[in-house]
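As structure tokens, the structure follows; a few thoughts come after it.
The values are calculated or read from the model by the stated rules, or taken from the named source; none is laboratory data. Since the structure is predicted, the reported quantities are computational estimates derived from the model, not experimental observations. Backbone-built Cβ (ideal geometry, glycine too); neighbour counts: all protein chains shown. In case anyone asks, the SASA skips ligands and DNA or RNA and just uses the protein heavy atoms, side chains included. Shrake-Rupley method; radii C 1.70, N 1.55, O 1.52, S 1.80 Å.
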Amino acid sequence: MGRSTWLLIQAFCLALAVVGVTTIALAANTAQPSPGADTLLHAGQDDADWILPAKTYSGNRLTALTQIDKTNVATLRMAWRTNIADDGEQEASPIVWNGTMYLSTPHDGVLALDASDGKLRWQTPYNPKYVLLYAVNRGVGVAEDKVFIATQDCRVIALAAATGKELWNVQGCRDPSNSFYSMAAYVYKNAIIVGTGGGDNGTIGLVSAFRITDGKRLWDWQSIPGPGQPGHDTWPGDSWKHGGGAVWSGLAVDQKTDTLFVAPGNPGPDMVLKGREGKNLYTDSLVALDISGPTPKIKWYYQILQNDSHDDDPAMIPVLFEGQVDGQTRPLVAIGDKAGNFVLLDRKTGKVAHRLALDDQTGLDTQPSLDGTKACPNHGGGIEWNSGAYDRNSNSFLVPSTEECAVWKIASDAPQYIPGQPYTGGPLPKRQNGTGVLTSIDVSTGKIRWRKPLPYPAEGGVLITATGLAFTSDVGGNIYAFDAASGREYWKDFTGSAIVAPISAYSLHGSEYLAVVVGEAGNQQTPNLPKSQGSRVITYRLAAAPTIVNDATGQVALASTANGGGESAGTLAESTGSAPYTQQQVAQGSEVYAKSCALCHGANLQGLSAPALTGAGFGHSHLNASQLRSVVTQTMPLTAPGSLKPDDYAAVMAFLLSYDCVRPSGDGRQPFPTGGDLPALQQVTLGATTCAPSNKGSTGGGSQ
């Protein structure tokens, strides 16, 4: 092949990437591009690969690889790293099969990398039509030469594992106005199983199964029982209709009994108990579902919390294992929640073996109030979504958690349900300086064996090795190796970016690798965190040669059109009405936004770890200007809501209205008010078009 021909091919590939079309494979993989569904059932016997989000269906992140041990772990070095164009809150578990690493990115793109050096094989970028809360995706599923992903805009998609070409794309959520997917796509037998997020948006939690061959819906299970179903009487009146109970973090399966373990989250409205007092089944619970038949059936449930008003989801993915309790081997399941509760239960019966609190729970029995009440943990504290792990050698369970308190303050005890918006009594509390702790629990007695403090919140889960090491991380960007039995620290490295994703392990060409995806802290940002250096995939191995560094060449952050559609700016709904604001406020608002809001919402309002504030995704919510004002003043900045001065909030509103093509009223001479609301704002509807703001007296209006 001549050099000119090769350059032409390279240019063609780059052009495809720029317009958001699946890129041509950049490297050949002659092996089977993804495992068969039957192979996944035996994932525990394959330590060269990592083919499920938590290695096996049990959720217990355990590897039998033995190359890295206590005698040499101090020589671990970074093997390669690859930058990710879709920067944001990276939460995906890297999936590795036959030398290819597959991972998802915050806006539902998929990357395939060479697992030996991180070079790009292909990318399929994505652009969700909307993001309701946070732009995150927790991973892909692989089976039968396909890669599966569930997206923020409620799609379930199959890609060709060899090339990234889309094979099918189906509707997932039943109600896309208040639901989304952020969970990894779990492949079990002939189905992709995934649960919806949106518990803080007034959804009803839904777990669904789709056929891997064509995406056909096989079954649904609803976490909030409707009229005539067992448990419906635990919801007063019509409170069940927006009862929450999202199943968003992950799941586990007992293969021997076809039992699916799910953990529906907090009830809605969040932070407000009035009007829904009671058990609110099956929120804040661990539920065991028999999925051996055509529709799931509840075998048992255990409710961790009742009358939850502090956003205390059981975020931890269930972990199944065989452990020693009082000298007897028992089938167990572990679960934890954001209140810091940790529970071990008999997997067959749901009977509690041990229950203990791992974090400060001061004030949790006091309801949030209009004046504010202090309670611990904060909404990002306790046990977050990445699970701990069971160490069979010491019969101990290791779980990371976060210590952080907050003042819980509501704006109303009777919040209004608005499709697509948070259904809460007020903004979640301002984040404080959080710290982490890794706790070891004696499974036999339920007592704490040891605790290791960490300088930053701890949400990255635990990976246990057969050599007795426990790898974990903190959100500040540190990754650690501890002795699983004693807690002794053997190794530590600073990655340079926030870690809220789990660690995977695999072996290739005779070397054992650890892999983790790092990025922005997003909604887990606390004031004490170091500044992130951006998103990248990082791998480690023993005594590595100089690190291979790959930039994001060949990648794009987002596809050029939403969800692959051909919707042009000319067909987007335009904003209607006019609102008071001045160009001076627009200029001031631009500066305030850049300083306080752009980190989460994006420099161009496109949305990063928080939703977009312009464009098609923003227009999906059909907000009026009064509702937008409530969102801005009550929930922004994301990690410190309500912390700006009144004139800064008014300026940010002017900036957003100008950006979203709302015309200024009164010839642009009347400023946006700094206090209270204007009835006229309810007549202003925000559309999906985007206008370039100007500091030179322009009245705006031209769409881009």
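Restricting region 51-68 to residues that are in contact with a strand residue (DSSP E or B) (Cβ under 7 Å, 6 or more places away or on another chain) and either among the small types (Gly, Ala, Ser) or open to solvent by 30 Å² or more (accessible area, probe 1.4 Å) (or both), the residue that is farthest from residue 109 (Cα to Cα) is 67. When you check residue 16 against the structure, is it of a type in the set (A, V, I, L, M), open to solvent by less than 60 Å² (accessible area, probe 1.4 Å) and at pLDDT 65 or above, yes or no? For residue 16, the condition - of a type in the set (A, V, I, L, M), open to solvent by less than 60 Å² (accessible area, probe 1.4 Å) and at pLDDT 65 or above - is not met. Checked against the criteria, residue 87 counts as surrounded by fewer than 24 Cβ atoms within 10 Å (Cβ to Cβ) and either of a type in the set (Phe, Trp, Tyr) or within 16 Å of the chain's Cα centre (by Cα) (or both). Where strands (runs of 3 or more DSSP E) fall wholly inside region 374-416, the ranges with 1 or more residues that are open to solvent by less than 10 Å² (accessible area, probe 1.4 Å), in contact with a Gly (Cβ under 7 Å, 6 or more places away or on another chain) and more than 19 Å from residue 354 (Cα to Cα) are 396-403, 406-408. Can you tell me which residues in region 577-591 are out of contact with any Pro (no Cβ under 9 Å at 6 or more places or on another chain) and crowded, with 19+ Cβ neighbours inside 10 Å? Of everything in region 577-591, just one residue is out of contact with any Pro (no Cβ under 9 Å at 6 or more places or on another chain) and crowded, with 19+ Cβ neighbours inside 10 Å, namely 588. Listed by first and then second residue, the pairs linking a residue in region 121-144 that is under 24 Å from residue 498 (Cβ atoms) and in contact (Cβ under 8 Å) with a residue 40 or more places away in the chain to a residue that is of a type in the set (Phe, Trp, Tyr) and open to solvent by less than 10 Å² (accessible area, probe 1.4 Å), with Cβ atoms under 7 Å apart and 6 or more places separating them unless they lie on different chains, are 140/102; 140/148. Residue 144 meets each of the listed conditions (1) open to solvent by 20 Å² or more (accessible area, probe 1.4 Å); (2) under 30 Å from residue 77 (Cα atoms) apart from (2).
Matching residues to (1) in contact with a strand residue (DSSP E or B) (Cβ under 7 Å, 6 or more places away or on another chain); (2) touching a residue at least 40 places away in the same chain (Cβ under 8 Å); (3) crowded, with 18+ Cβ neighbours inside 10 Å; (4) part of a loop (DSSP other than H, G, I, E, B):
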{"position": "418", "(1), (2), (3), (4)": "no, yes, yes, yes"}
{"position": "427", "(1), (2), (3), (4)": "no, yes, yes, yes"}
{"position": "444", "(1), (2), (3), (4)": "yes, yes, no, yes"}
{"position": "451", "(1), (2), (3), (4)": "yes, no, no, no"}
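Here region 617-644 is the region considered, the condition is being among the hydrophobic types (A, V, I, L, M, F, W, C) and assigned to a loop (DSSP other than H, G, I, E, B), and the residue that is farthest from residue 105 (Cα to Cα) is 644.
Of everything in region 599-616 that is part of a helix (DSSP H, G or I) and open to solvent by 20 Å² or more (accessible area, probe 1.4 Å), the residue that is modelled with the lowest pLDDT is 616. Evaluating residue 559 against the criteria (1) open to solvent by less than 40 Å² (accessible area, probe 1.4 Å); (2) modelled with pLDDT of 95 or more; (3) among the aliphatic types (A, V, I, L, M) leaves one unmet condition, (2).
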